[in-house]
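Contents: one structure, followed by commentary.
The values are calculated or read from the model by the stated rules, or taken from the named source; none is laboratory data. All figures in this text were calculated on a predicted structure; none of them were measured in a lab. Neighbour counts are summed over all protein chains in view; Cβ atoms, including those assigned to glycine, are modelled from backbone coordinates with ideal geometry. Areas reflect the complete protein model, heavy atoms only, side chains present, ligands, DNA and RNA absent. Shrake-Rupley method; radii C 1.70, N 1.55, O 1.52, S 1.80 Å.
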Protein chains: 2
Amino acid sequence: MSTADRKQDTLFVNSLAKGLRLLEAFDEEHHSLGLSELAKRTGLDKSATQRFANTLHQTGYLMKDEATRRFRPSHKFAEMAYAYLWSDPVVQLAMPKLIELSGRLGETINMAELSGSDIVYVARIPCQRTTFAATLVGRRVPALNTSGGRAILATLPETERRACIENWPLTRFTPETTQDRDRISELVEEAAHLGYSFSRNELILKEIGVAAPIIGADGRPVAAVHCSVSAYHWTREKVEQDIVPFLLDTANSITPSVR
Amino acid sequence: MSTADRKQDTLFVNSLAKGLRLLEAFDEEHHSLGLSELAKRTGLDKSATQRFANTLHQTGYLMKDEATRRFRPSHKFAEMAYAYLWSDPVVQLAMPKLIELSGRLGETINMAELSGSDIVYVARIPCQRTTFAATLVGRRVPALNTSGGRAILATLPETERRACIENWPLTRFTPETTQDRDRISELVEEAAHLGYSFSRNELILKEIGVAAPIIGADGRPVAAVHCSVSAYHWTREKVEQDIVPFLLDTANSITPSVR
DNA sequence: TTTCATTGTATCATATTGCGATACAATGTA
DNA sequence: TACATTGTATCGCAATATGATACAATGAAA
């Protein structure tokens, strides 16, 4: 390796990086894990896994069930979201407006931010109809598969959004989740034209999603406000008439100032 | 150090533990930090801080503003809460019931769990009146200072709760926050008698809190359902008449089964 | 504008830490 | 009961992480 590479290496602490991989082994499908499962999911050596799991337990990040010897996330995981949400000025700015919108519409209201090729939900105001997964802050889903992601993409320069549509990953959440990149391109162009994005059946069957981008002071998108409703009770026309105007008003009022 | 101490030491990875301290340096008052501030807040050597910050940046946990050279939490912080919330069966069980209660009462509804001498909020259903801090999952506050904490304590055996009241820390959030342990003891005894806890002016002036414990299958408390309302619009009598019955019904319906 | 203080970056000799191989215990399954 | 899998404990050793240090960059005060 070159001198430049070597320079990078001496500022990188491998033990920390490996330990963080244990934290990332837990997700919506892996609530608790034993040492062997942790080693498998992280690709780490068994002894290393034992050391890192023990350290995370002693520092309070993992709880250990002494009977089953399985580890699970502790409250410290939740506390990290608390620190994140305080550090994100858009969240502070948006929260009261999202709550107001939720009160007005009586439907699920979210705010998501672009993160690589995904969006991450940073504010979630649930209603009666909201599934558990859809109530949780921190959920990450592919941008191309969501109205929120498409609303954000729609505000990027044309060549940039075209590259995103061609290259970013897709995931199938329902039998109807769109995997057709041409179709997604059409939907993003439509969103660029309308100023909001519309989706149906993407994450949940019979669920309509509509999202509007939040534009930063620099003209770049920073987030999207999203509303989801049941297709059993709503049509696109009704959504455009009764929800979209308020959604756009809310999104437009959440423009973060220059720091 | 004895052989037993040495045994413990070789399974503890200091570099990981130190790196985690950097993550914990961010909170509601520290949204972004430079290297010197990180070193101060963590007690780590300047070079170590540089290495850990660089590693957390490269692994995606911290974002770095190249202009100001300051670090801030990334979406990975929020994602950790997502993993935690899936791993906590009480949260999954409770969420729809809390949403229903919120719809019925139109006020702020939370669920908090005991964590050491604190409570940590793991579900938050805000309303129009809710302050930003009170909308955030992962917030940690001293148990003795909150109706939720007292509701939980009230269900512990008498000697155990007495020890907690005598020893656990208190924090003053408002000029009216109770620091009188005798008074807290009275309030906890009252909660033991009533089955719910009542507070006023503790975290926010002119805010009334009322909480009911959620008891696990083993008879131990696991969490508390909490409602907060404005003292401008509510009295204790009115809360006891219009909120407490529904609060108790909700708390009683969230009893996690034996695993 | 200059000078000084503070913060950030880069480097290196070295000691200590963390590694991974291994043995054995405990638990689960057939 | 026997075997497979998982978890725990140990140790020799190489590589990592340490912290001291020098210097660059930036900010603040005179």
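Remarks
- Scanning the stretch B:39-76 for residues that are more than 28 Å from the chain's Cα centre (by Cα), away from DNA strand C (no atom under 12 Å from the Cβ) and surrounded by fewer than 17 Cβ atoms within 10 Å (Cβ to Cβ) yields one hit, B:Gln58.
- Qualifying residue in the stretch A:42-59 (condition: at the interface with chain B (Cβ under 9 Å from one of its Cβ atoms), at pLDDT 95 or above and either under 30 Å from A:Arg124 (Cα atoms) or assigned to a loop (DSSP other than H, G, I, E, B) (or both)): yes
- Test: residue in the stretch A:70-78 that is assigned to a strand (DSSP E or B) and under 30 Å from A:Leu205 (Cβ atoms): yes
- Subset of the stretch A:134-165 [facing chain B (nearest Cβ under 9 Å) and touching an Asp or Glu at 6+ places or on another chain (Cβ under 7 Å)]: A:Gly138, A:Arg140
- Subset of the stretch A:13-23 (residues that are more than 8 Å from chain B (Cβ to nearest Cβ) and either closer than 20 Å to A:Asp65 by Cα or in contact with a strand residue (DSSP E or B) (Cβ under 6 Å, 6 or more places away or on another chain) (or both)): A:Leu22
- Scan of the stretch A:199-216 for residues that are under 17 Å from A:Glu113 (Cα atoms) and out of contact with any Phe, Trp or Tyr (no Cβ under 6 Å at 6 or more places or on another chain), ordered by number: A:Gly209, A:Ala211, A:Pro213, A:Ile214, A:Ile215, A:Gly216
- Looking only at the stretch B:97-126, and only at residues there that are open to solvent by less than 10 Å² (accessible area, probe 1.4 Å) and polar (S, T, N, Q), the one that is farthest from B:Leu153 (Cα to Cα): B:Thr108
- Residue check for B:Ala94: outside the structural domain of B:Ile125 (by TED's automatic domain parsing), buried (at least 22 other Cβ atoms within 10 Å of the Cβ), within 22 Å of the chain's Cα centre (by Cα) and touching a residue at least 24 places away in the same chain (Cβ under 8 Å): no
- Any hit, the stretch B:193-212, residues being under 25 Å from A:Arg124 (Cβ atoms), surrounded by fewer than 16 Cβ atoms within 10 Å (Cβ to Cβ) and in contact (Cβ under 8 Å) with a residue 24 or more places away in the chain: no
- Among the criteria (1) closer than 19 Å to B:Leu136 by Cβ; (2) at the interface with another protein chain (Cβ under 8 Å from one of its Cβ atoms), the one A:Arg124 does not fulfil is (2).
- Each residue in the stretch A:23-60 was checked for being out of contact with any Ser or Thr (no Cβ under 9 Å at 6 or more places or on another chain) and among the small types (Gly, Ala, Ser), and 3 pass.
- Criterion applied to B:Phe12, B:Phe71 was being in contact with a Leu (Cβ under 7 Å, 6 or more places away or on another chain), hydrophobic (A, V, I, L, M, F, W, C) and without any contact (Cβ under 8 Å) to a residue 60 or more places away in the chain, and the one residue passing it is B:Phe71.
- Residue among B:Val239, B:Val222 that is touching a residue at least 40 places away in the same chain (Cβ under 8 Å) and in contact with a Phe, Trp or Tyr (Cβ under 8 Å, 6 or more places away or on another chain): B:Val239
- Candidate set from the stretch A:16-41 (those that are near DNA strand D (Cβ under 9 Å from one of its atoms) and either assigned to a loop (DSSP other than H, G, I, E, B) or free of Cβ contacts under 8 Å to residues at least 24 places away in the same chain (or both)); member that is nearest to B:Ser15 (Cα to Cα): A:Leu16
- Some residue of the stretch B:172-179 being assigned by TED's automatic domain parsing to the domain that holds B:Ser147, among the acidic types (Asp, Glu) and at pLDDT 95 or above: no
- Within the stretch A:60-82, being at the interface with another protein chain (Cβ under 9 Å from one of its Cβ atoms) and aromatic (Phe, Trp, Tyr) holds for A:Tyr61, A:Phe77, A:Tyr82.
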